[in-house]
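My questions will all concern the structure given below.
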Amino acid sequence: MNKKQRHIFWPVFLLLCLLTVALSASITYWRHTVPLSQCSEVYRQYRDMPGIQASFVKDKQINDTLFLDMTLFEAEDSAAFANLLRTIGKSDEFIYDMTVLREQYITRKNANEIRFSGSCLRGHPEQQADSDLSKNEILSIFPVRRCIVVFHTQSELDLKTVMDKSYFDEININK
């Protein structure tokens with residue numbers, strides 16, 4: 001290869017490498033992205049909150065037979081987490097308790113799995129659960145991780161399954 005060919009070869013080679021990386025990244029991004037119209041109402045309502053990283057996970061595996069959509073909100077800092085909790089209707093006392101709990105447990109093993117789970121009205125984490133369990137979904141708060149997860153249950157059986165799993169096992173909420 002002469003000098004002129006080398007001057008052409010290396011820029012073309014680098015360009016092809018960059019295009020390969022860009023194409024791989026694009027395919028990975030598009031493969032894991034759900035169109036906004038298919039995301040939950042909760043995700044669409046709260047996704048633009050400042051200091052919050054919102055994610056919607058389609059068909060998250062809960063157990064061998066149950067797959068549910070899940071909305072996850074992770075706060076960048078304590079102020080954003082407090083604001084998120086306040087937005088979903090939690091009292092200042094509750095927010096304080098979550099802050100203290102986080103500080104007490106942050107260094108413990110499995111601290112990221114400490115959670116408080118309960119029911120809320122489907123599509124409205126800021127509202128109390130309905131007496132008709134089929135109208136509810138699960139809201140879990142992970143104070144050490146500064147995150148809130150909404151499991152979008154579709155039936156009373158789904159709700160009970162997620163609650164049992166949340167209390168007695170671990171649900172891996174990592175995306």
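The values are calculated or read from the model by the stated rules, or taken from the named source; none is laboratory data. This is a predicted model, so every value here is computed, not measured. Cβ placement follows ideal geometry from the backbone for every residue including glycine, while neighbour counts extend to all protein chains displayed. For accessibility, only protein heavy atoms count, side chains too; no ligands or nucleic acids. Shrake-Rupley method; radii C 1.70, N 1.55, O 1.52, S 1.80 Å.
Gain in length, GLN128 to ASP77, computed as 0.36 nm per residue apart minus the alpha-carbon separation, to one decimal in nm?
Separation in residues times 0.36 nm, less the Cα-Cα distance, equals 15.8 nm.
Counting helices only, and only those DSSP H runs with n ≥ 4, report the 222 nm mean residue ellipticity of the chain as the sum of -39,500 (n - 2.57) divided by its residues, in deg cm²/dmol to the nearest 500.
The helix-only estimate for the chain comes to -13500 deg cm²/dmol at 222 nm.
Right, next: Could you give the nm distance between label points at VAL34 and LEU66, where each point is 7 Å from its Cα heading toward the beta carbon?
Rounded to a tenth, the inter-label distance reads 1.7 nm.
Quick one: check the C-alpha center-to-center distance for region 49-87 versus region 99-141, whole angstrom.
Their Cα centres are 11 Å away from one another.
Select from PRO143, PRO35, PRO125 the residue whose mean-square fluctuation is largest in a Gaussian network model of the chain (Cα-Cα springs shorter than 10 Å).
The residue that fluctuates most here is PRO35.
A follow-up question, please. With a 1.4 Å probe and all protein chains left in place, how much accessible area per residue does the chain have, in Å²? If you can, show how the numbers build up before the last one.
Values: 10950 Å² over 175 residues.
About 63 Å² of surface per residue is accessible.
Turning to a different aspect of this structure: Mind checking which aspartates and glutamates have their Cα closer than 17 Å to the Cα of LYS109? Skip sequence neighbours fewer than 8 apart in that chain.
ASP169, GLU170
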